[in-house]
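Heads up: the structure comes next, in structure tokens.
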Amino acid sequence: MNTILRKSVLGIAGLAFTGGVFAGPVAAHAADTTASVKSVSVSVQGDKLIPHGVQGEQSRIELNDEQTTNVKAIIAATKKAGMDERAAVVSIATALQESKLENLGHLGDRNDHDSQGLFQQRPSSGWGTVEQITDPEYSTTAFLKGLKQVDGWQDMPLTKAAQTVQVSAYPDHYAQWEQQAADLVAQHWNK
């Protein structure tokens, strides 16, 4: 990074920090006008769903009917594969990061190589045909097959387990979806 650009970025960061320091106490006494995010409480997070706690800030999106159907398909495929709730949490968090739980077809110029489906799997990397990887049950089963091959995945932080299977250019991004994925598994696992 050139010196002028670096100084500009650092200067802006300094102003943002200073503004936050001065606005912080004032903002703390202001009326709370932020919308609250509705969350399902997960009572078994510590031992099964989130055994390591969440890493970093968490993201959350509202799901439409298609996305909820895809959550249920991931859970069903996980059960069919004989895997537990933690495997479903890892799978759903991965699909949230890769596609926001939308079964994406080819996106043209916006496509990352030939990635498609819930997990953005690539036919050219051996994940299956386009028809297969855009089938939620097949793509989940393929992801879980990869997860099973990761020694000790059950004892790893979610982002490390997901990254070992996915080999993403952004390996830490999976962690931000762990809480929502756990909430979704808690909500839909026994239905």
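The values are calculated or read from the model by the stated rules, or taken from the named source; none is laboratory data. In this text the structure is predicted, and so the values were computed from the model without any measurement. Every residue, glycine among them, receives a Cβ derived from its backbone with ideal geometry; neighbour counts consider all protein chains shown. The protein model used for the area step is the full one, side chains on, heavy atoms only, and it has no ligands, DNA or RNA in it. Shrake-Rupley method; radii C 1.70, N 1.55, O 1.52, S 1.80 Å.
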Open item on the list: Can you go through 57, 85 and tell me which one is modelled with pLDDT of 95 or more and acidic (Asp, Glu)?
Closed with: 85
Open item on the list: All but one of (1) modelled with pLDDT of 90 or more; (2) open to solvent by 10 Å² or more (accessible area, probe 1.4 Å); (3) part of a loop (DSSP other than H, G, I, E, B) hold for residue 101; state the number of the condition that does not hold.
Closed with: (2)
Open item on the list: Could you check the range 138-154 and list, in sequence order, the residues that are within 20 Å of residue 75 (Cα to Cα) and either part of a loop (DSSP other than H, G, I, E, B) or within 18 Å of the chain's Cα centre (by Cα) (or both)?
Closed with: 139, 140, 141, 142, 143, 144, 146, 147, 149, 150, 153, 154
TODO: Give me a count of the residues in the range 154-170 that are within 17 Å of residue 101 (Cβ to Cβ) and surrounded by fewer than 20 Cβ atoms within 10 Å (Cβ to Cβ).
DONE: 1
Open item on the list: Of the conditions (1) loosely packed, with under 14 Cβ neighbours inside 10 Å; (2) part of a helix (DSSP H, G or I), residue 173 satisfies every one except a single condition; which number is it?
Closed with: (1)
TODO: Go through the range 116-136 and give me each residue that's buried (at least 22 other Cβ atoms within 10 Å of the Cβ), part of a helix (DSSP H, G or I) and either hydroxyl-bearing (Ser, Thr, Tyr) or on the phi > 0 side of the Ramachandran plot (or both).
DONE: none
- [ ] Restrict the check to the range 33-54 and report whether at least one residue is loosely packed, with under 11 Cβ neighbours inside 10 Å, at pLDDT 90 or above and either of a type in the set (Phe, Trp, Tyr) or not in a helix (DSSP H, G or I) (or both).
- [x] no
Open item on the list: If residue 65 satisfies all but one of (1) at pLDDT below 95; (2) out of contact with any strand residue (DSSP E or B) (no Cβ under 8 Å at 6 or more places or on another chain), what's the number of the condition it fails?
Closed with: (1)
- [ ] Output the number of the condition that residue 178 fails; it satisfies all remaining conditions of (1) closer than 21 Å to residue 77 by Cβ; (2) open to solvent by 60 Å² or more (accessible area, probe 1.4 Å); (3) within 13 Å of the chain's Cα centre (by Cα).
- [x] (2)
TODO: State the number of residues belonging to the range 65-84 that are crowded, with 19+ Cβ neighbours inside 10 Å and either among the charged types (D, E, K, R) or free of Cβ contacts under 8 Å to residues at least 40 places away in the same chain (or both).
DONE: 1
